[in-house]
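Q: Sharing a structure with you now.
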Amino acid sequence: MQVSTGILIDKCVILGECFRSINQKSEFFNYLSSNPEIGLITDSIVAGVESNIHKEKMRDSKKTKALREFQGMKKFLKTERIDPSQVNRKIDLVEKFFEEVIKEEIGYSDRVIPGLYRSPRFHLEDYKKSLIPEREDKVIIAEGLHLKEKYPNLYLASYDRHFLNEPIPKRIEEQFGIICDLPFNILRKLGRY
C-alpha cells in the first residue's frame, strides 16, 4: 500500500527530543513510533543532528544519552535517501522563493516592530534577516520538494522561526505544497487531537 502522507522532521525537533530531561517520548514521537511509515528524515538531517550533538558543550554522558536517543528514533523514522544532484537542482528555486517572500511580504521599511523582541532597537531589517533560513534549512525544503513526488501530503515539523512565522508557512504551502508547522499542530491537522 502506498503511503500518501509523510512528515519530514527538522533537526531542531529531533534535537529537542534527544535532549529532553524526562525519559518519556513526546506525544509527537509516540505517534511516529506507532506509525513508522510516515516519519521521515534524510541523510542531511541525520548529519545535522549528529553534528549538533557532538558540538554541544556538555558532559560526555549527556552526549552519549542524546546519541542513544537518536539511534532509537532512527528505528521508527524512515530515512529517505535523496541524490544530492536532485537537491542541487531544486535549491535555486528555494533560494529565489525566500528572496521573493522577504521582499514582497515584509518590505524594506525601517520602522520598529513593536513587541517583536524586548529590545526597542530591533528593526525590520533585523527581523527580515531572522526569517532568512540557513543553507541547510533551504536544503530541507529542496529535499521536501523531491519527497512530494512520493508523499503528496507532506508536512515539515519544525521549531525554526523561518518555517513558522507568517507569511512563510502559508507561502511555502502555496508554492511547494509542503505544510510547515509545529509537531503538535501537525498531529492536530492529522486528526490525532
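The values are calculated or read from the model by the stated rules, or taken from the named source; none is laboratory data. Fair warning: this is a prediction, and the values are worked out from it, not measured in the lab. Don't worry about glycine lacking a Cβ; one is built from the backbone with ideal geometry, like all the others, and counts go over all protein chains shown.
Q: Could you grab the pairs with beta carbons closer than 6 Å, sequence gap of 6+ or different chains, first residue in the stretch 61-81 and among the aliphatic types (A, V, I, L, M), second one not in a helix (DSSP H, G or I)?
A: 66/19; 77/39; 77/41
Q: Going by what's in this entry, would residue 93 be described as in contact with a helix residue (DSSP H, G or I) (Cβ under 6 Å, 6 or more places away or on another chain), under 20 Å from residue 138 (Cα atoms), at pLDDT 90 or above and of a type outside the set (Val, Ile, Thr)?
A: Considered against the rule, which asks whether it is in contact with a helix residue (DSSP H, G or I) (Cβ under 6 Å, 6 or more places away or on another chain), under 20 Å from residue 138 (Cα atoms), at pLDDT 90 or above and of a type outside the set (Val, Ile, Thr), residue 93 comes out as no.
Q: Does residue 13 meet the test of being part of a helix (DSSP H, G or I), crowded, with 20+ Cβ neighbours inside 10 Å, under 14 Å from the mean Cα position of the chain (by Cα) and modelled with pLDDT of 90 or more?
A: Yes: the conditions hold for residue 13.
Q: Looking at residue 51, is it more than 27 Å from residue 85 (Cα to Cα), out of contact with any Asp or Glu (no Cβ under 9 Å at 6 or more places or on another chain), assigned to a helix (DSSP H, G or I) and among the small types (Gly, Ala, Ser)?
A: Answer is no for this residue.
Q: Is it the case, given these coordinates, that residue 102 is at pLDDT 95 or above, under 24 Å from residue 154 (Cα atoms) and in a helix (DSSP H, G or I)?
A: Considered against the rule, which asks whether it is at pLDDT 95 or above, under 24 Å from residue 154 (Cα atoms) and in a helix (DSSP H, G or I), residue 102 comes out as no.
Q: Return yes when residue 41 is closer than 19 Å to residue 155 by Cβ and touching a His at 6+ places or on another chain (Cβ under 7 Å) and no when it is not.
A: no
Q: Right, something else. For residue 136, only one of the following conditions fails: (1) under 13 Å from the mean Cα position of the chain (by Cα); (2) at pLDDT 95 or above. What is its number?
A: Result: residue 136 passes all but (2).
Q: Also, quick follow-up: If residue 40 passes every condition in (1) under 15 Å from the mean Cα position of the chain (by Cα); (2) surrounded by 14 or more Cβ atoms within 10 Å (Cβ to Cβ); (3) in a helix (DSSP H, G or I); (4) hydrophobic (A, V, I, L, M, F, W, C) but one, which one does it miss?
A: Looking at each condition in turn, residue 40 falls short on (3).
Q: Sticking with this structure for a sec: Restricted to the stretch 50-69, and to residues that are closer than 21 Å to residue 10 by Cα and small (Gly, Ala, Ser), which residue is nearest to the chain's Cα centre (by Cα)?
A: 51
Q: Which of the residues spanning the stretch 163-178 are of a type in the set (A, V, I, L, M, F, W, C) and part of a helix (DSSP H, G or I)?
A: 163, 164, 168, 172, 176
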